[in-house]
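A short worksheet on the structure shown next.
Each reported figure results from applying straightforward, stated rules to the coordinates on display, with no laboratory input. Please read these numbers as outputs of a predicted model, since none were measured by experiment. As a convention, Cβ positions derive from the backbone with ideal geometry for all residues, glycine included, and neighbour counts pool all protein chains shown.
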Amino acid sequence: MNKIIGIMFAFFMVSCAVQNPFETKAVQGKWEIVSLNGEKINNTQPVYLDFGENNMLSGNTGCNQVTGKYTVTLDKVITFSQLGSTRMACEPKQMALETQVLEMLDKVNNFNITGDKISLSIGLNAPIAELRRMSDNEIVNKYWKLTELDGKKVTMSENQEKEQYFILKSDHTITGFAGCNTFNGKYTLKEGMRISFDENMAMTMKACQDVDFNEAEFLQVFLKADNYTIHDDKLSLNIGKRTPLAKFEAVYF
C-alpha cells in the first residue's frame, strides 16, 4: 500500500512539473515592466521581457539585453533559467534598475494574467513586478529624435543637455525632452494613421538661458498633429495633408 502511495505521489510531482501549453501560450509575446518593487519604472527606453517560442526569453533590463529560458507549469508556476546579458556600461540609475530586474527574475516563481497585464510574484506575496503587453504598432516604444521642425533642420545647442525626442508607450502615454524641459501626457492612435495628443501636456519648468531652441513651438506640434506618416525609421507628424509639422528619426541604443 505504501509503495502504491509512493508511486502516486511521484506521479503527482512529475505531472506538476509538466509544462502547461495553454499558460505558456498566454504569456508569449512582449511585456513591458511598468513597475518593480512597488515603484513605477521611469526609463528612457522600455524595460521589457519577450516570451518567445520554444521557451526562449529575451528583453531589455534597463541598460543591457538579456537572454535565457522560461518554463511555465501547472498552477501558474513560472521559472527563469540560463540567464545572460550584454555588458554595456550605462548611467548609475540604469545599472541599478538592471540589477533589480535580474534579481526579480531570479526570485519570482508564479504569475497571474488579467487582460493585458501580468504580475510576477513570490508565493502568495504581493507582486514584485507588474507588466503590460506591449503594443505592436510600428511607432510605439521607439525613441524618436527630432530632425526637422517647421521645415528647418534641427541642431543641438552647445549647452543643450540632450537632443529633442519623444517616446510613445504602450499604456498610451507620451514622454519626451523639448530641449530644456521634459514633458509627458497621453495620446490616442486610430485607424488610417491618425493620432491625437491630450492638450493637457505636463512639463517641467527649468530655465535654460543658453539653449537656443523654442520649446513652445515644438510642443505645438503635438497639439496640432492629427496624422502621421512613416517610412523605414523616418516619422513625420502632420496636420491634414499639409507639409509635415515635424520630422523624426528612430534611434536604437
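A few remarks follow.
- Dividing the convex hull volume of the alpha-carbon atoms in the range 171-253 by its residue count gives 121 Å³ per residue.
- With 0.36 nm allotted per residue and the present C-alpha distance subtracted, the Leu74-Ile239 stretch has 54.3 nm of extension available.
- Each eigenvalue of the Cα gyration tensor of the range 60-144, multiplied by 5 and square-rooted, gives one semi-axis; in descending order these are 23, 18, 12 Å.
- The candidate values are (1) 1.08; (2) 1.00; (3) 1.24; the one derived from this structure for Cα Rg over 2.2 N^0.38 Å carries the label (3).
- Percent RCO, i.e. relative contact order, over the chain, from Cα pairs under 8 Å lying at least 6 residues apart: 13 percent
- Shown is the FRET efficiency for Glu103 and Lys206, computed with R0 = 45 Å from the Cβ-Cβ distance and rounded to the nearest 0.05: 0.85.
- Cα gyration tensor shape of the range 104-228, rounded if a/c is under 1.5, else prolate or oblate by comparing a/b with b/c: prolate
- The residue among Ala246, Asn227, Thr182 whose Cα reaches farthest toward the positive pole of the charge dipole of the chain, with charges on the beta-carbon of Lys, Arg, Asp and Glu, is Asn227.
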